[in-house]
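Encoded as structure tokens, the structure appears first; notes follow it.
The values are calculated or read from the model by the stated rules, or taken from the named source; none is laboratory data. Since this is a predicted model, take the numbers as computed values, not measurements. Note that each Cβ is placed from the backbone with ideal geometry, even for glycine, and that neighbours are counted across all protein chains shown.
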Amino acid sequence: MTKVLCSIRDLSVAYPTPTGAQHALKSVSLDIIAGEKLAIIGESGSGKSTLSLALTGLLARQAMVDGVMSWPGLGSAPRAGRDIGIVFQDPGSSLNPVLTIGDQVGEGARRHLGLGRKAARDKAIELLSRVRIPQPEKAAGAYPHQFSGGQQQRIAIAAAIAAGPAVLIADEATSALDTIVQAEIAALLEDLVTNGDMTLIFVTHDIGLAASLADRIAVFRTAELVECGDARSVVNAPRADYTRQLLATHIDLHSPRLVGAADVR
Ligand SMILES: Nc1ncnc2c1ncn2[C@@H]1O[C@H](COP(=O)(O)OP(=O)(O)OP(=O)(O)O)[C@@H](O)[C@H]1O
Ligand code: NI
């Protein structure tokens, strides 16, 4: 049975600009199902990050918000860091260069789960091993610059899931990485969700990556949700012209991956 984790109805978000309010989301309605992997795709500026921030409760102060967002699956709005974790494109911006990664990963567990120093460190080591950082005990004492970009992103993911959130949002979390590392991070996210009873919201430009990872795909264009459905149907039988265009562009660029991932014939 499907359980609705979050129900979004007629959500609009606008930002003030010198020429008046500009919509980043326009009357978006969407249900997020508990335990699903939902990909949010669309071109730059379509509102994907605005939706991530609205879900996390981290919208900019000047954002004007209308509509309803309810969390029947949680009972109340999620607390950022506790019930909902988020990782961004650039792990450098979420990791503090002067703190050991053990301290950073353990921080969420200390703050939200009330663990003491020693327990938080043990938890950090467990999480680092879960995101497959080699030699996690040793790694816990090291600083971010001692790791590659892909490893830093794994560390940021470990920190985001430290408090055991129900939802993890990965906002272009793989975009800055090369293709192989990108695929590894996507596989890690998939594994964490499958084995961790978590809902994954995966924001990307890349319909191929969305098709290979997600159960459902929501397609955004200029602040509007143009279609949302089962990943296979969105890829094999898109309803919106815009989705067809995205697929056509993708097939030009990377047809083998998309074909392999989604059985497009
Ligand atoms: N804090 C802000 N203040 C003003 N305008 C903003 C703010 N954040 C986003 N916008 C505007 O809202 C629109 C949607 O932005 P958003 O970041 O949600 O898009 P996106 O789909 O995530 O794009 P990208 O793929 O480039 O990350 C854009 O026109 C953007 O310029
Ligand atoms: Ni974005």
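Could you say whether any residue in region 67-75 is over 20 Å from VAL193 (Cα atoms) and within 16 Å of ligand 1 (Cβ to nearest atom)? Yes - at least one qualifying residue is present in region 67-75.
Within region 191-214, how many residues turn out to be touching a helix residue (DSSP H, G or I) at 6+ places or on another chain (Cβ under 6 Å) and either on the phi > 0 side of the Ramachandran plot or more than 16 Å from ligand 2 (Cβ to nearest atom) (or both)? Total meeting the criteria: 6. When the residues of region 215-252 are filtered to those that are basic (Lys, Arg) and under 21 Å from the mean Cα position of the chain (by Cα), the one that is nearest to ILE201 (Cα to Cα) is ARG216. Given the structure, is VAL167 in contact with a strand residue (DSSP E or B) (Cβ under 6 Å, 6 or more places away or on another chain) and of a type in the set (A, V, I, L, M)? Considered against the rule, which asks whether it is in contact with a strand residue (DSSP E or B) (Cβ under 6 Å, 6 or more places away or on another chain) and of a type in the set (A, V, I, L, M), VAL167 comes out as yes. Applying the condition of being touching a residue at least 24 places away in the same chain (Cβ under 8 Å) and surrounded by fewer than 16 Cβ atoms within 10 Å (Cβ to Cβ) to region 197-231 and asking which residue is nearest to GLN153 (Cα to Cα) yields ASP197. Does ILE161 qualify as being in contact (Cβ under 8 Å) with a residue 24 or more places away in the chain, touching a Gly at 6+ places or on another chain (Cβ under 9 Å) and over 16 Å from LEU95 (Cα atoms)? Considered against the rule, which asks whether it is in contact (Cβ under 8 Å) with a residue 24 or more places away in the chain, touching a Gly at 6+ places or on another chain (Cβ under 9 Å) and over 16 Å from LEU95 (Cα atoms), ILE161 comes out as no.
Please work out if ALA54 is crowded, with 16+ Cβ neighbours inside 10 Å, over 15 Å from ALA166 (Cα atoms) and over 16 Å from the mean Cα position of the chain (by Cα). Even if it seems obvious, please write down each step before you answer.
Working: crowded, with 16+ Cβ neighbours inside 10 Å: yes; over 15 Å from ALA166 (Cα atoms): yes; over 16 Å from the mean Cα position of the chain (by Cα): no.
Taking the combined requirement at face value, the residue does not satisfy it.
Of everything in region 33-57 that is without any contact (Cβ under 8 Å) to a residue 60 or more places away in the chain and more than 8 Å from ligand 1 (Cβ to nearest atom), the residue that is nearest to ILE8 (Cα to Cα) is ALA54.
Every test in (1) crowded, with 18+ Cβ neighbours inside 10 Å; (2) farther than 25 Å from THR243 by Cα; (3) within 16 Å of ligand 2 (Cβ to nearest atom); (4) of a type in the set (D, E, K, R) is passed by ASP90 save one, and that test is (1). Where strands (runs of 3 or more DSSP E) sit wholly within region 179-243, those with at least 2 residues that are within 21 Å of VAL131 (Cβ to Cβ) occupy 199-204. If you scan region 154-181, which residues turn out to be buried (at least 19 other Cβ atoms within 10 Å of the Cβ), away from ligand 2 (no atom under 16 Å from the Cβ) and not aliphatic (A, V, I, L, M)? ARG154, PRO165, listed by residue number. Just one residue in the set GLY106, GLY150, GLY141, GLY102 is at pLDDT below 95 and over 13 Å from the mean Cα position of the chain (by Cα); that residue is GLY150.
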